[in-house]
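Working notes for the structure below.
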Amino acid sequence: MPKMSVRYVYSACLVIETPDITIATDPWFTPGAFDGSWVQYPPLERDPHECLGPVDAIYVSHIHPDHYDPAFLHQYLRRTPQTELWVGPTSSPFLQRKMVSDGFKPRLVERIRVGDTSISAVANRAIEDDIDTALVVANDKYSVVNMNDNPFDENQVKEIRSLCPAGRPTAGFFPYSPAGPWPQTFDYEPAEMAAKSAYMKTRFLELYCQYVDEFDPDVAMPFAGQYVLAGPLRKLNGHRGTSDATEAAQARPANSLVLSDGGQSEIDLETLEATSLRGAPYSAAEVDRYLDEYAFPGYDYEREIARIDRRRLPIGLILPLAVDAARRRWPIEESCWLCISDDDGSTYHAFDVAADEAPSALEAVGHLFPRLEIRVDERHLFGLLTRLYHWNNAEIGSHLRFARRPDVYRRDVHSFLARLHV
């Protein structure tokens, strides 16, 4: 009987091995993802290349920098140039284009076979701006399903189950932890922030349980989205609404486990024996001590964009062009005011996303309704408007501070924001 195993390294990084091929997934090892705010905990104790070992292919599930780490991939391919880079199908090839611009030659993989091993990348269509894919690797009667950050999509789940030889995976790796800006970057009072954080934690534990129940794998593991905020933003770590992977596993104890971080732990899919399990959450005090000692280099915009002789960056010239471009790229019919201010909050650039008027400079915006207020460092804003940085990464990195009136999420407005650049 052929041997098939899966080894866990960190966050969304797995090494899946069959008799025919060895595939690594989403290796993120460069600290400072999402414009410098995300770092790994626990830190990897070995060289990442050695931790991964030689692999035939590296599958990158989507464009977010805790999954697509170009700095590490360049290092790895210099030492292992024969390794292929794989991406899955999405409506828009954002990841492929980015990888090509970064000097890579990604291969689009949807359904391929290597010897007796079938490999499938399955698109997620849960939202209009789809960027996520899932990976299914099957050999003989065994299969691994890697859902990384995919939101729940019933059609995707059905397709994936049909690709598993037993109609369900031997091992399933499912998300359990949020990675967005809510609630930690919003202007809630302490009691409300605690309630919102608890809600977010519960919501993602339910997502993990939903995946386990729908796929019914022999063994499941909560994984992906593992990080801590570094630098001044570390104060937000306690408000992110995250649980430890061990807490998620306890929600479905019959078939859930947590492999230890570091690349030494694996599951043999024939025997379902696992090595080096982690049973207790990481200590918040230990995380704090690590961040105290971490040599924080500053956020990307702090290192890369300088203020010039106390003159303000030309936000007032660039923003109207970016607003016009965003209105063409993502037209919105329902009114909402975007009110963008510097860190000091003294002046707002305000405009209605559904109107044709240019932004206005205002000292107060309390009379504008509905509205989304965004406070951002001026250097970061300049980089966002000129596409040096990306709004979605700034949001996920917790760099933007939000207030919304009323407190209602508008996906269309955040999609508009992602297109606010020249």
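What follows is calculated from the coordinates using simple rules that are stated; it is not laboratory data. Here the structure is a predicted model, which is why all the values come from computation and not from measurement. A quick note on method: Cβ atoms are made from the backbone with ideal geometry, for glycine too, and the neighbour counts reach across all protein chains shown.
Under 5 Å between amide hydrogens, which residues at least 5 positions from H421 or on another chain qualify, with H placed 1.01 Å from N in the peptide plane?
Excluding prolines and chain starts, which carry no amide H, the hits are A326.
Between K141 and D292, what is the label-to-label distance in nm when each label sits 7 Å out along the Cα-to-Cβ direction?
About 5.4 nm separates the two model spin labels.
Sorted by mean Cβ packing within 10 Å, highest first, what order do the peptides 271-280, 212-221, 408-417 take? Each step should come with its number before you reach the end.
Values: 271-280: 12.9, 212-221: 19.5, 408-417: 16.1.
The packing order, highest mean first, is 212-221, 408-417, 271-280.
Step through the residues of the range 212-226 one at a time and calculate ³J(HN,Hα) from phi using the Karplus curve (6.51 cos²θ - 1.76 cosθ + 1.60, θ = phi - 60°), rounding each to whole Hz and writing x for Gly and Pro.
Here the 3J(HN,Hα) series is 4, 5, 6, 8, 6, x, 5, 9, 10, 9, x, 7, 6, x, 8 Hz.
How large is ³J(HN,Hα), in whole Hz, for each residue of the range 47-64 in order, when computed from phi with the Karplus curve 6.51 cos²θ - 1.76 cosθ + 1.60 and θ = phi - 60°, using x for Gly and Pro?
Rounded to whole hertz, the list is 4, x, 4, 5, 4, 6, x, x, 10, 7, 8, 10, 8, 10, 6, 6, 7, 4.
Select from N155, G180, Q82 the residue farthest towards the positive end of the dipole of the range 5-293; place +1 on Cβ of Lys and Arg, -1 on Cβ of Asp and Glu, and compute about the Cα centre.
Sorting the options by dipole projection puts first Q82.
Could you size up the charge dipole of the chain around its Cα centre, putting +1 on the beta carbon of Lys and Arg and -1 on that of Asp and Glu, and report it in debye to the nearest 20? Don't jump to the answer; show the numbers that get you there.
Values: 43 positive and 62 negative charges, 146 e Å.
About 700 debye.
Under 14 Å from the Cβ of S92, count the other residues' Cβ atoms, weight Lys and Arg +1, Asp and Glu -1, and hand me the total. Could you put the intermediate results ahead of the total?
Numbers: positive: R97, K98, R125, R329, R419; negative: E128, D129, D130, D132.
Residues near S92 contribute +1 overall.
So, R0 is 25 Å and r is the distance between the beta-carbons of A254 and E154; what FRET efficiency does that work out to, to 0.05?
Numbers: r = 23 Å, r/R0 = 0.93.
For R0 = 25 Å, the calculated efficiency reads 0.60.
Could I have the simple spin-label model distance between D218 and V422, label points 7 Å from Cα toward Cβ, reported in nm to one decimal?
5.8 nm
Suppose only helical runs count, i.e. DSSP H with n ≥ 4. What mean residue ellipticity at 222 nm does that imply for the chain under -39500 (n - 2.57) per run, divided by all residues and rounded to the nearest 500 deg cm²/dmol? Kindly include the intermediate steps, with their values, before the conclusion.
Numbers: 13 runs with 122 residues, N = 422.
Value at 222 nm, helices only: -8500 deg cm²/dmol.
Report the relative contact order of the range 147-250, percent, no decimals, based on alpha-carbon pairs under 8 angstrom and at least 6 residues apart. Write down the numbers at each step before the final one.
Values: 137 pairs, mean separation 40.6, N = 104.
After rounding, I find 39 percent.
In the chain, if the dipole is taken from +1 on Lys/Arg beta carbons and -1 on Asp/Glu beta carbons about the Cα centre, which of P314, Q226, S61 is farthest to the positive end?
P314
How far apart, in nanometres, would the label points at R46 and R125 be if each is projected 7 angstrom from Cα along the Cα-to-Cβ direction?
4.2 nm
Under 5 Å between amide H atoms, partner at least 5 residues away or on a different chain: which partners does A220 have, H built in plane at 1.01 Å?
G172, S256, L257
Through the Karplus equation 6.51 cos²θ - 1.76 cosθ + 1.60, θ set to phi - 60°, convert the phi angles of the range 365-378 into ³J(HN,Hα) values in whole Hz; use x for Gly and Pro.
Working through the residues one at a time gives 10, x, 8, 8, 7, x, 8, 10, 8, 10, 10, 8, 4, 4 Hz.
Relative to the compact-globule scaling 2.2 N^0.38 Å, provide the ratio for the alpha-carbon radius of gyration of the range 303-418. Intermediate results must be reported in sequence, preceding the final value.
Numbers: Rg = 13.5 Å, N = 116, 2.2 N^0.38 = 13.4 Å.
So the range 303-418 has a normalised radius of gyration of 1.01.
Using the Cα centre of the range 303-418 as the reference point, and only Cβ charges (+1 on K/R, -1 on D/E), how large is the resulting charge dipole? Debye, rounded to the nearest 20. Provide the component values of the computation, followed by the final result.
Details: 17 positive and 18 negative charges, 69 e Å.
Rounded to the nearest 20 debye, it is 320 debye.
What FRET efficiency do you get for A194 and A325 if R0 is 30 Å and r is their Cβ-Cβ distance, rounded to the nearest 0.05? Present the calculation step by step, with values, prior to reporting the outcome.
Numbers: r = 39 Å, r/R0 = 1.31.
Computed FRET efficiency for A194 and A325 comes out at 0.15.
Nearest 0.05, what FRET efficiency do E273 and S91 give at R0 = 45 Å with Cβ-Cβ as r? It would help to have the intermediate numbers written out before the result.
Details: r = 40 Å, r/R0 = 0.89.
FRET efficiency, E273 to S91: 0.65.
Using only the Cα atoms of the range 1-98, build the gyration tensor, take square roots of its eigenvalues as a ≥ b ≥ c, and label the shape rounded, prolate or oblate: rounded if a/c is under 1.5, else prolate if a/b is larger than b/c, else oblate. Kindly include the intermediate steps, with their values, before the conclusion.
Numbers: a/c = 1.67, a/b = 1.20, b/c = 1.39.
Oblate, because a/c is 1.5 or more while a/b does not exceed b/c.
State the answer as a single residue: which of L259, A24, A355 lies farthest towards the positive end of the charge dipole of the chain, with beta carbon charges of +1 for Lys and Arg and -1 for Asp and Glu, about the Cα centre.
Projecting each Cα onto the dipole axis, the largest value belongs to A355.
Could you give the length gained on full extension between S335 and D56, defined as 0.36 nm per residue of separation minus the Cα-Cα distance, in nm? Numbers along the way, then the final one.
Details: separation 279, 0.36 × 279 = 100.44 nm, distance 5.05 nm.
This chain segment gains 95.4 nm when fully extended.
Starting from the Cα-Cα distance between D20 and E304, subtract it from 0.36 nm times their residue separation and give me the gain in nm to one decimal. Spell out each step's value before the answer.
Details: separation 284, 0.36 × 284 = 102.24 nm, distance 4.46 nm.
That works out to 97.8 nm of additional length.
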